[in-house]
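Below: the structure, in structure tokens.
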Amino acid sequence: MSPKTLPSVLSQVVETKAEYDLRLLAQQLGTNYRSLMYWLRGDRHVPAYLLPRICTLLKNYEALDLLESQAGRVAFKIPDPQRTKEQEFRVISNLIRDVGQALESIADTLADGEVEEHELATTIPKLEAVIQECASVKYLLETLYKNRKKKTKK
């Protein structure tokens, strides 16, 4: 299996979004169809400033995820800071559940001392869910603190 490249990931995403008109996508990006096709084929580099817009328009962030993984990082969507108390408790509840599932999956994966491909396919998404939930809790705590600070200044 050849390593993923930015053009291959973008092309695959566009192919799965068959309903998305490439000419419309080019227009929404403020470029022309020919340039877009060069980028998708890998004949030219995609301008970095357009990549977030492409992902948002296609509602798929695999291209950004690829770049993050190449940099040794993990990306996630920043949670909505406008949460109700019920949503706040749900975030923490989700974190506790996801951590439990991830730890169980890690234990199962490491039980025999070997890591198989199917074990990775099961365990990694659970770990990514934990990372995402931790980020949600982080932003939730920061938001609660900022809101509290605003109230005490008044």
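In vacuum, with every alpha carbon of the chain counted as one equal point scatterer, what does the Debye formula give for log10 I(q)/I(0) at q = 0.14, 0.15, 0.16 Å⁻¹? Two decimals, please. Values, matching the q order: -0.91, -0.97, -1.02.
Does a label point 7 Å from the Cα of V74, set along Cα-to-beta-carbon, have any residues of segment 113-131 with amide nitrogen under 19 Å, and which are they? Label zone hits: 115-131. Split the accessible area of segment 26-67 by element, probe 1.4 Å, and carbon with sulfur accounts for 51%. Over the chain, DSSP H runs of length four or greater, each weighted -39,500 (n - 2.57), average out per residue to a 222 nm ellipticity of -23000 deg cm²/dmol. The residues of segment 1-134 expose, per residue, 70 Å² of accessible area to a 1.4 Å probe. Taking segment 1-146 as the region of interest, the number of lysine pairs whose Cα atoms are within less than 24 Å, with members eight or more places apart or on different chains, is 16.
Among residues other than Y61 whose Cβ falls under 10 Å from its Cβ, what is the net charge (Lys/Arg +1, Asp/Glu -1)? Cβ neighbours under 10 Å give a net charge of -1.
Rolling a 1.4 angstrom probe over segment 82-141 with all protein chains present gives an accessible area of which 59% lies on carbon and sulfur atoms. Available extension along the chain between R97 and I124 is 8.2 nm, counting 0.36 nm per residue and deducting the alpha carbon span.
The values are calculated or read from the model by the stated rules, or taken from the named source; none is laboratory data. Values in this document were obtained by computation on a predicted structure and should not be read as measured data. All Cβ positions, even for glycine, are placed from backbone atoms using ideal geometry, and neighbour counts span all protein chains on display. Side chains included, ligands, DNA and RNA excluded: accessible areas come from the protein's heavy atoms. Shrake-Rupley method; radii C 1.70, N 1.55, O 1.52, S 1.80 Å.
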